[in-house]
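A short write-up of the structure that comes next.
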Amino acid sequence: MSVVTLTVNDELVSAQAGQSLLAVLKELGLEIPTLCHLEGLSERGGCRLCLVEVEGNNKLLPACVTPVQEGMVVTTHSDRLVKYRRMILELLFAERNHVCAVCVMNGRCELQANAASIGMDHVRYDYLSPDLPMDASHDRFVLDHNRCILCTRCVRVCDEIEGAHVWDVMGRGVNSRIIADLNQPWGTSTSCTNCGKCVQVCPTGALHARGATVAEMEKQHDFLRWILDGREKKQWEHNR
Amino acid sequence: MRRTTLQVHESSAKPAGAPKIRLATAWLGGCSGCHMSFLDLDERLIELAEVAELVYSPIADIKEFPENVDVCLVEGAVANVDHVKLAQEIRARSKVVVSFGDCAVTGNVTSLRNRLGVDDLLNQVYQNGPGSVPRGEGDEVVPRLIERVLPLHQVIQVDAFIPGCPPDPERIWAAVSALLRGEPVVLSADMRRFG
Ligand code: SF4
Ligand code: SF4
Ligand code: SF4
Ligand code: FES
């Protein structure tokens, strides 16, 4: 496999051609905030939290969907990046109804954790406070649109790992919604196998177990690694 | 001078040479949980009383927000016309205004009603509920609700933020002790999480 050399934060590093920039940055032990990315799923490049600066390019590039290139000069932490990452988080909080104190994921939420680590101690934008429904029609799970950040991890895991493709995104921009099957109550979906994978990979309180109350929801993504190692490497045993 | 809960401890404190910092705490649209957490500072309240004088607070029964306040911690979101008025007085009379807890910082639980209009809200809770209450519009007895519940910084300029529902005493102490030293409030990542 061919090797490329690039510069990351003033240091020369080598990587395999075809790797994503994010994968290389993670190998280097750099902490890059992410939300839509999840190891084991295809990349979406939707949340824009993993933005980095690449020399010669005026635009900031999302590391998860940027392949490494020979001679690339990358900066992962700067005042400008912190400014934009914080803005993105503030917009996510302003767009729907995030009330951490009464959320099932309080304390374990990836959105909440990213906000704290980047220093987002308040939101400067007007809250849209949209009037959004909850879909509690499923026997085992609930979808709460108030907490959804449209990262599409649920869409991807259901399609790529479970093979059911229950979820899709309907509408545009601020009106986008996650929908089950042909925009029907989740509980009436004929394609859902009740596997719960979407619930486990959802970074926020949007998908959760029925009956979970404040700060009760815990999620696990390890199953992705087990399934993929089995599929790709025929390796079926895991030390849990 | 009015004796407040904090000043009760003064007798046990060393006489301070420097003039005391004029500290206020205020309660807008919140559950008072932030104030409860403040009281959970426990023996640190004694330390606080050595350097600060509590000049206004819901736990001190002082009617008017005083002039020349150094630091004011504000709990709660801005939900009605009285809150707006008090917030403006606080800003005009305080050097440093702190959004104290999630309701002040984000609107939090208090702002859950924002998806309903005020009329809808009052109808659903009162008119269609077990009893009726004065709307307060005519007589101003019950303060009129403003159209949308707002975080404090959307009503007045705010200088520092202490997130948390409620912020635990460690967070409060980290912020308050920085303010008493005249330093900016810089909370560590684990101390600035919402919720
Ligand atoms: S989903 Fe996360 S950020 Fe949103 S309310 Fe729940 S805990 Fe807070
Ligand atoms: S439970 Fe499984 S099959 Fe059903 S929507 Fe979620 S991932 Fe898809
Ligand atoms: S429901 Fe969860 S996983 Fe699906 S898009 Fe919304 S936040 Fe992402
Ligand atoms: S993690 Fe790269 S855009 Fe979301």
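Overview of results
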quantity	calculated
Probe 1.4 Å, all protein chains present, accessible-area order of A:LYS197, B:LYS63, A:LYS234, largest first	B:LYS63, A:LYS234, A:LYS197
Amide N proximity, the stretch A:1-15 versus A:GLN235 label position 7 Å along Cα-to-Cβ, cut-off under 11 Å	none
Ranked order, A:SER2, B:SER57 - accessible area, probe 1.4 Å, largest first	A:SER2, B:SER57
Rounded to the nearest 10 Å², the accessible area of A:PHE141 at probe 1.4 Å	20
Peptide B:187-193, shielding by other chains (average Cβ, 10 Å cutoff)	5
Relative contact order %, chain A, counting alpha carbon pairs below 8 Å whose residues are six or more apart	18
Dipole magnitude of chain A, debye to nearest 20 (Cβ charges: Lys/Arg +1, Asp/Glu -1, about Cα centre)	260
Assigned charges on the beta-carbon of Lys, Arg, Asp, Glu; the protein assembly as shown dipole about Cα centre (debye)	320
Rough spin-label spacing in nm, given labels placed 7 Å along Cα→Cβ, for A:TYR84 and B:LEU121	3.8
Isolated Cys residues of chain A, judged by Cβ distance under 4.7 Å to other cysteines	A:CYS50, A:CYS64, A:CYS100, A:CYS103, A:CYS109, A:CYS148, A:CYS158, A:CYS192, A:CYS195, A:CYS202
Mean Kyte hydropathy of -1.0 or more with a Cα span along the axis of at least 15 Å, helices from DSSP in chain B	B:81-93, B:169-180
Shape call, the stretch B:42-195: gyration tensor on alpha carbons, a/c limit 1.5	prolate
Average beta carbon contacts from partner chains per residue of A:93-103, 10 Å cutoff	5
Diffusion constant of the stretch A:3-77 at 37 °C, which comes from Stokes-Einstein with the Kirkwood Cα-pair radius and 0.692 mPa s, µm²/s	268
Shielding by other protein chains, A:108-119, mean Cβ within 10 Å	3
Contour excess over end-to-end distance, with Cα ends at B:VAL142 and B:GLU170 and 0.36 nm allotted per residue	6.5 nm
Buried area at the B-A interface (accessible, heavy atoms, 1.4 Å probe, summed, Å²)	1800
Student exercise, the stretch A:3-77 dipole from Lys, Arg, Asp, Glu Cβ charges, in Debye to nearest 20	300
Most to least packed among B:178-189, B:154-165 [average Cβ atoms within 10 Å]	B:154-165, B:178-189
Pair B:ASN128, A:ASN9: separation of 7 Å Cα→Cβ label points (nm)	5.5
Approximate shape of the stretch A:46-192 as ellipsoid semi-axes (Cα gyration tensor, √5λ), whole Å, largest first	31, 21, 13
Heavy atoms of B:MET191 accessible to a 1.4 Å probe, total area in Å² rounded to 10	50
Heavy-atom accessible surface of chain A: percent carbon and sulfur, 1.4 Å	48
Those lysines that a straight Cα-Cα span of less than 22 Å connects to B:LYS95, excepting residues fewer than 8 apart in one chain	B:LYS20, B:LYS63, B:LYS85
Spatially proximal aspartates and glutamates relative to A:LYS219 (Cα-Cα < 14 Å; intrachain offsets below 8 disregarded)	A:GLU110
B:LYS63 versus B:ASP190: modelled label distance in nm, points set 7 Å from Cα along the beta carbon direction	4.7
Relative contact order [Cα under 8 Å, 6+ residues apart], the stretch A:1-67, whole percent	28
Among B:ARG115, B:ARG91, B:ARG22: highest mean-square fluctuation, GNM of chain B, C-alpha pairs under 10 Å	B:ARG115
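The values are calculated or read from the model by the stated rules, or taken from the named source; none is laboratory data. These figures come from a predicted structure and were not determined experimentally. A quick note on method: Cβ atoms are made from the backbone with ideal geometry, for glycine too, and the neighbour counts reach across all protein chains shown. We work out accessible area using only protein heavy atoms, side chains counted, and drop any ligands, DNA or RNA first. Shrake-Rupley method; radii C 1.70, N 1.55, O 1.52, S 1.80 Å.
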